[in-house]
Amino acid sequence: MAGIEAQPGIMEIALYVSGESRLAGRDDVLKLSANENPYGCSPAATAAFQAAAADLHRYPATDHAPLRRAIGEVHGLDPDRIICGVGSDEVLQFVAQAFAGPGDQVITTRHGFAMYPILAHAVGATPVTVDEKDRRIDVDAILAAVNDRTRLVFLANPANPTGTMLTDTELRRLIEGLPQTCLLVHDGAYMEFARPGYRDAGLVDDYPNVVMTRTFSKIHGLGGLRIGWGYARRQVIDVLNRIRQPFNLSNAQMAAAEAAIRDTDFTARCAAENDRWRRWMRDQLVQMGLDCDESHANFLLLRLAGSEQARACDAALREAGIIVRPVASYDLPEGLRITVGDEAGCRRVIAAISDFMATQRGSE
C-alpha cells in the first residue's frame, strides 16, 4: 500500500519453509523431514490434553507457574528463572526483540538454523554469518567476528542440520571470549538426544550473558502443540517477560507439557531408542561408502557426491514413499537430513538408499 513501509530488515526475510509431509498418490508415506519423535508423545501427555478439553472456555494462567515448576523439578532449575513460549522459537524471538535492534549485529554460523537470521532481520539488526569448520561450529571464527556492535550469538548445540556438537570446554571458551554486552543464546532443542544428563543450565549459572532454550517438540513429541522454554539469569528473564503476551500458552498446551516432562521414563526410552537406531543407520551408511558425520541429535546428515546426486537420491526416496529434508538452503547442496525413525522406518530408509546406490554403481 502506497506510503506504508515495513520496518527495517523485515523485507530481507526469506520465508521459512518447513519439511514436506505428503506425497501425491501415496498412502504409505514415511515422513523423516521434520525431526519428529517416531514414538509420539507420552500417554500421560495425551491424557492431560484430553482432560483439558473440559476447560476450553477458561483463560489460561498468565504465569505458567505449574509448568515452570515441573520443568524446574525435573531439571533442577529455579522456576523463577524459566520463561515459556510458543515453541522455543518464540523464546528466541523474545531475546532478539529485547536485546537487538537497528545498528546491532547478530552472529549466526554458516550451517546454522534458518530461523536465526530471520529473527535478526525482524528486529532490524544485521545477521553476520561466520564460517564453520568441517560442518562444526568454529569458536575462533565466532570470536574473531565479534565487535562492539555484536549483541547476540545464536548457536544450536547439537547443531541443526549437521548434528555436530561443541564440548562444554569449547562453549565456556566461547562465552569467556565474548564481551559482557553480548548474549550467547544456547539453543538446546536436541540436547536430550545428545547428553540426557548434561546441564547446560550450568552455563547460565556461571555466566550472566547466557540464555539457554529447550523445546517440547522433539524428544517430548509435542511438535503439534508448539511449546518451548528458556532459562537465564533473573534480570534477563524479567526483561523477556515484559514483552511476552500474557496468554501465549493455552491450558491444554501447559497441561500436556507438564505431563510430558514429568514422564521421565518415556523420555529416557525415546533417547535410548534414538541412540540405538541412529548408530545403526550411520553404520549402514558408512558401510555403503557414504559420508555421514557422527550425529548427537535425532537425525543424520547424509552427504552425497554432489548436488546432482543429492537431488537424485531425494527423488529415489520420494519414489519409495520416503520424505527427507534437502538442505541446500543451509549451504549444504550435497546433503540430505534424515530423521531417525523407529526400527521399521530406519530399515526402510536404509534399504531405499542401498537400492539407489546400487543403481548409481550400475550406471557408471
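Reported to the nearest whole Å, the Cα centre-to-centre distance from the range 29-77 to the range 246-277 is 6.
Among 24-32, 127-135, the peptide with the highest mean count of other Cβ atoms within 10 Å heads the list, and the full ranking is 127-135, 24-32. Highest mean packing first, where packing is the average number of other Cβ atoms within 10 Å per residue, the peptides 253-259, 84-90, 242-248 line up as 253-259, 84-90, 242-248. Loop-only GluC sites (Glu not before Pro) in the range 293-339, please: DSSP not H, G, I, E or B, and at most 15 other Cβ atoms within 10 Å. Listed in order of number, the matching sites are GLU294.
Once every DSSP H run of n ≥ 4 in the chain is given -39500 (n - 2.57) and the sum is divided by its residues, what mean residue ellipticity at 222 nm do you get, rounded to the nearest 500 deg cm²/dmol? The helix contribution divided over the chain gives -12500 deg cm²/dmol.
Report the one residue of PRO8, LEU67, VAL286 whose Cα lies farthest in the direction of the positive end of the charge dipole of the chain (charges on C-beta: Lys and Arg +1, Asp and Glu -1; origin at the Cα centre). Of the options given, the answer is LEU67. Modelled label positions at GLN97 and ASP140, each set 7 Å beyond Cα in the direction of Cβ, lie 3.9 nm from each other. When peptides 41-51, 184-194 are sorted by average Cβ neighbour count within 10 Å, with the highest value leading, the order is 184-194, 41-51.
Taking 15 Å as the cut-off, the amide N atoms of the range 241-281 that come nearer than this to a point 7 Å along the Cα-to-beta-carbon line of GLN50 belong to 256. In terms of overall dimensions, the range 300-364 has a Cα radius of gyration and Dmax of 11.4, 33 angstrom.
Placing a pseudo-label 7 Å from each Cα along the Cα-to-Cβ vector at LYS133 and ALA305 gives an inter-label distance of 3.1 nm.
For a label point 7 Å from the Cα of ARG234 along Cα→C-beta, name the residues of the range 61-91 whose backbone N is under 16 Å from it. So the set is 77-83. Once the Cα-Cα distance is subtracted from the 0.36 nm per residue extended length, the LEU15 to ILE243 segment shows a gain of 79.7 nm.
When only the Cβ of Lys, Arg, Asp and Glu is charged (+1, +1, -1, -1), the dipole of the chain relative to its Cα centre reaches about 440 debye.
Since every read-out is calculated from the coordinates, none of them should be taken as a lab result. It should be emphasised that the depicted structure is a prediction, and the values quoted were computed from it without experimental measurement. Quick reminder, even Gly has a Cβ in these numbers, built from the backbone with ideal geometry, and neighbours come from all protein chains shown.
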